[in-house]
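To keep things clear, I will list the structure first and then write my remarks on it.
Throughout, read-outs are computed from the coordinates displayed, never taken from laboratory work. In this text, all values refer to a predicted model and were calculated from it rather than measured experimentally. Please note: Cβ atoms are built from the backbone with ideal geometry, for glycine as well, and neighbour counts cover all protein chains shown.
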Amino acid sequence: MKLSTKGRYGVMAMVDVAMNGDDGPVSLKAVAERQGLSESYLEQLAGSLRKAGLLTGIRGAQGGYTLAREAGEITVGDIIRVLEGPIAPVECASEEKGPVQHCANSQGCVAKSVWVKLRDSIVKALDSVSLADLCDEAKQDGGCLPPV
């Protein structure tokens with residue numbers, strides 16, 4: 001499973017908002033400058049994250065974005081699911097409930113159990129790390145974010 005820039009940049013932006021949002025809303029322009037990302041691309045990501053209830057948008061001259069919940073309550077898995085969709089190394093092992101497109105050999109597939117185990121491991125890893133964890137790590141060793 002390979003994450004696109006949506007997932008990677010979304011996590012970076014959320015950590016940036018978490019680390020810099022103590023004094024009020026964080027503008028996407030500031031996030032884009034600190035992270036070296038496109039502001040227009042961040043606007044697209046922020047819209048999805050806002051609709052999913054992970055960010056709150058505040059309009060006006062002093063507007064920007066804040067976390068919709070505490071940093072410790074938002075996991076990397078939450079962000080990835082919003083921006084990338086259900087976590088699945090292959091389609092037949094999606095964590096999504098309901099009808100899923102299966103390959104012709106899905107019923108007797110000997111490898112499906114491997115794909116499900118892989119999916120479960122990915123889900124466990126992504127859901128075990130919160131924004132607060134990433135902020136703490138960035139503060140300790142500089143992480144991938146510039147110092148606040």
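Once a ≥ b ≥ c are taken as the square roots of the eigenvalues of the Cα gyration tensor of the chain, is the result rounded (a/c under 1.5), prolate (a/b larger than b/c) or oblate (a/b not larger than b/c)? Because a/c hits 1.5 or more and a/b exceeds b/c, the chain counts as prolate. Pairs of C-alpha atoms in segment 1-85 farther apart than 19 Å represent 28 percent of all such pairs.
The gain in end-to-end length when the Val129 to Val90 segment is fully stretched comes to 11.7 nm, 0.36 nm per residue minus the alpha carbon separation.
Once every DSSP H run of n ≥ 4 in the chain is given -39500 (n - 2.57) and the sum is divided by its residues, what mean residue ellipticity at 222 nm do you get, rounded to the nearest 500 deg cm²/dmol?
Working: 6 runs with 73 residues, N = 148.
Taken over the chain, the calculation gives -15500 deg cm²/dmol.
Look at the alpha carbon pairs under 8 Å that are at least 6 residues apart: their mean separation over the length of the chain gives a relative contact order of 27 percent. In nm, to one decimal, how far is the modelled label at Cys109 from the one at Arg59, with both set 7 Å along Cα→Cβ? A separation of 4.6 nm, rounded to one decimal place. Residue separation of Lys29 and Thr5 scaled by 0.36 nm, minus their Cα-Cα distance, works out to 6.9 nm of gained length.
Label sites at Ser38 and Leu118, each approximated as a point 7 angstrom past Cα along Cα to Cβ, lie 3.0 nm apart. Put a dot 7 Å past the Cα of Ala68, heading toward its Cβ, do the same for Ser48, and the two dots end up 1.4 nm apart.
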